[in-house]
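Here's the structure we're looking at; comments come further down.
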Amino acid sequence: LGKLRREAERAKRALSNQHQVRVEIEALFDGIDFSEPLTRARFEELNNDLFRKTMGPVKKAMEDA
């Protein structure tokens with residue numbers, strides 16, 4: 001799980017200034033390597049629910065400021 005988290009963080013950071021990255025994790029499960037391209041659009045699509053959930057508290061904080 002740690003490998004997956006580290007690679008997800010690396011991909012997230014890379015996508016802030018690139019349109020596509022390759023997510024690569026050695027021996028992710030039962031010695032099987034994982035390697036897939038990930039676009040910024042796909043990343044945003046996968047995380048859209050999380051992004052929307054954070055907007056409420058962000059708007060509230062801005063109103064209270």
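A short reminder: the numbers here are calculations on the coordinates, not readings from a lab. These figures come from a predicted structure and were not determined experimentally. A quick note on method: Cβ atoms are made from the backbone with ideal geometry, for glycine too, and the neighbour counts reach across all protein chains shown.
Table for the structure above
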read-out: Residue list for the stretch 23-56, filter: in a strand (DSSP E or B) and either exposed (fewer than 11 other Cβ atoms within 10 Å of the Cβ) or over 12 Å from the mean Cα position of the chain (by Cα) (or both); value: E24, I25, E26, A27, L28, F29, I32, D33, F34, S35, E36, P37
read-out: Matching residues, the stretch 1-22, being assigned to a helix (DSSP H, G or I) and small (G, A, S); value: G2, A8, A11, A14
